[in-house]
Amino acid sequence: MAQAITQGTVEAGAGRTTKEPWYKVLYIQVLIAIALGILLGYLNPEWGKSVKWLGDAFIALIKMMIAPIIFCTIVHGIASIGDLKKVGRVGLKALVYFEVVSTIALLIGVLVGEVVKPGAGFNADVTKLDGKSVEKYAKMAADDSVTGHIMALIPKSFFDAFATGDLLQVLLISILTGVVVTGMGQRGEAITHAIDTAGQIFFRIIGLVVKLAPIGAFGAMAFTIGQYGIGKVVDLAWLVGTFYVTAFLFVVLVLGGIARVAGFSIFKFLAYIKDELLIVLGTSSSETVLPHMMTKMRRLGASDSVVGLVIPTGYSFNLDGTNIYMTLASLFLAQAVGADLSFGQYATIILVAMLTSKGASGVTGAGFITLAATLSAIPNNPVPVAAMTLILGVDKFMSECRAITNLIGNGVATVVVSRWEGELDQEKLNQVMAHPISIGTDISDHAPNMDPATAPAAAAAPIPAPAR
């Protein structure tokens, strides 16, 4: 029996409206779970910290499928295009877009840091800072270098990339495999079909796992509040508030302006991916919704080949929220310890951040490691890495905003590159933008019954929903 679409989806041209019980709607379940997690962490911190494993288990379930999904998607995408020149063209356009927008994000972080000066008057005594709590981040940053980045791209073996889940390594072997399969001619078609079938299986598994998002969000949020407390946010409210406002303005003004040129509203786009935004808010990781975002971008009208290349690479190369955070946090720490940065040191922060951010691929807390690497690279560094202890307690709260901003940026990039390539289905885009909430909710709620090939077609007719 076909179930009706959530929250009053209107059938195109017919005006018919049907509803699903509110308690079955995924984003409502996640909202309730986040609220309950905050309440538990506040009222009983120890109990809140004890349910951390719920969030960890959910993220682990998602992460175990990310590598094979990216591999299948990229290999199938490259092989389906059949033209390596086109693959290179799409990849180049995506990288150009990533670097331009990422640089704007870095500069906005510097501009806001200089204008607002969130660390002014903090007067932290460098000699009294205990750097033990950030030693592990400093050690990881010390091992970071250009050579290290290049070597980190190469897995120990073909299957090691899947075992470790390193996205950059998975991207490398996926691209190499896709190029080879493309050159195999007729024999490659059978391989492409098998990989496509495997990808559909992985997408369906993810669809089932995502139903556990409310449980994961509850555990992660309860732990965050129980471990760090709302008081930490109050103590550094000026920094946290400045970062959130800056990220919001970046999304509305910069990404909103780009979206307008591309022919859609950023606010309607946010409404369309609301489920994914809430899941990321609860888990602090954009990896948890990567498969869903790929499905939704296809439904939005982006071509399969562009989605298959842009979304996975964007998770490593297009991290707008992380970039804003690194420059803004660097300036906050400099101001907090009373250090005056020279023009050369500013330039170093921006250039180093452009490199180190490429390793922060949607993983919770990765931005803190890249910040340590950025600070370590400043010449004649007046800001010791130990100063990061000042923001360690609130980094988790800012991690959520980083992940959300990164997610939005990658979604916008996919539509832009697809239009740039002349492969954006304007009819699908207009249809989704006319009913972003209802269509977005329907895709999220029925994802287990939808694979990357059929999802766009299934959601194209808003009524009725797929049978379950």
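The values are calculated or read from the model by the stated rules, or taken from the named source; none is laboratory data. Keep in mind that what you see is a predicted model, and the values were worked out from it rather than measured. Ideal geometry is used to build each Cβ from the backbone, glycine not excepted, and the neighbour counts take in all protein chains shown. The area values use the complete protein model at the heavy-atom level, side chains included, leaving out ligands, DNA and RNA. Shrake-Rupley method; radii C 1.70, N 1.55, O 1.52, S 1.80 Å.
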Qualifying residue in segment 190-209 (condition: farther than 19 Å from Ile311 by Cα, out of contact with any Pro (no Cβ under 8 Å at 6 or more places or on another chain), assigned to a helix (DSSP H, G or I) and at pLDDT below 85): no
Looking at Gly308, Gly314, Gly301, Gly338, which one is closer than 30 Å to Gly82 by Cβ and not in a helix (DSSP H, G or I)? Gly301
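Of all residues in segment 414-431, which are outside any loop (DSSP other than H, G, I, E, B) and either of a type outside the set (A, V, I, L, M, F, W, C) or surrounded by 24 or more Cβ atoms within 10 Å (Cβ to Cβ) (or both)?
If the condition is that a residue be outside any loop (DSSP other than H, G, I, E, B) and either of a type outside the set (A, V, I, L, M, F, W, C) or surrounded by 24 or more Cβ atoms within 10 Å (Cβ to Cβ) (or both), then Thr414, Val415, Val416, Val417, Ser418, Arg419, Gln426, Glu427, Lys428, Asn430, Gln431 are the ones that fit.
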Residues of segment 28-74 that turn out to be touching a residue at least 60 places away in the same chain (Cβ under 8 Å), surrounded by fewer than 23 Cβ atoms within 10 Å (Cβ to Cβ) and farther than 30 Å from Thr164 by Cα, as a count: 11
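Which of the residues spanning segment 158-193 are of a type in the set (Ser, Thr, Tyr) and within 27 Å of the chain's Cα centre (by Cα)?
Correct list: Thr164, Ser174, Thr177.
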Look at Ile62 and say whether it is under 19 Å from the mean Cα position of the chain (by Cα), part of a helix (DSSP H, G or I) and within 30 Å of Thr182 (Cβ to Cβ). yes
Qualifying position, being of a type in the set (A, V, I, L, M), open to solvent by 20 Å² or more (accessible area, probe 1.4 Å) and not in a helix (DSSP H, G or I), among Ile150, Ile154: Ile154
Just need a number here: residues in segment 78-115 that are assigned to a helix (DSSP H, G or I) and open to solvent by 10 Å² or more (accessible area, probe 1.4 Å). 26
Being modelled with pLDDT of 85 or more and touching a Leu at 6+ places or on another chain (Cβ under 9 Å) is true for just one of Asn381, Asn406. Which residue is that? Asn406
Answer yes or no: is there a residue in segment 234-244 that is of a type in the set (D, E, K, R), modelled with pLDDT of 85 or more and part of a helix (DSSP H, G or I). no
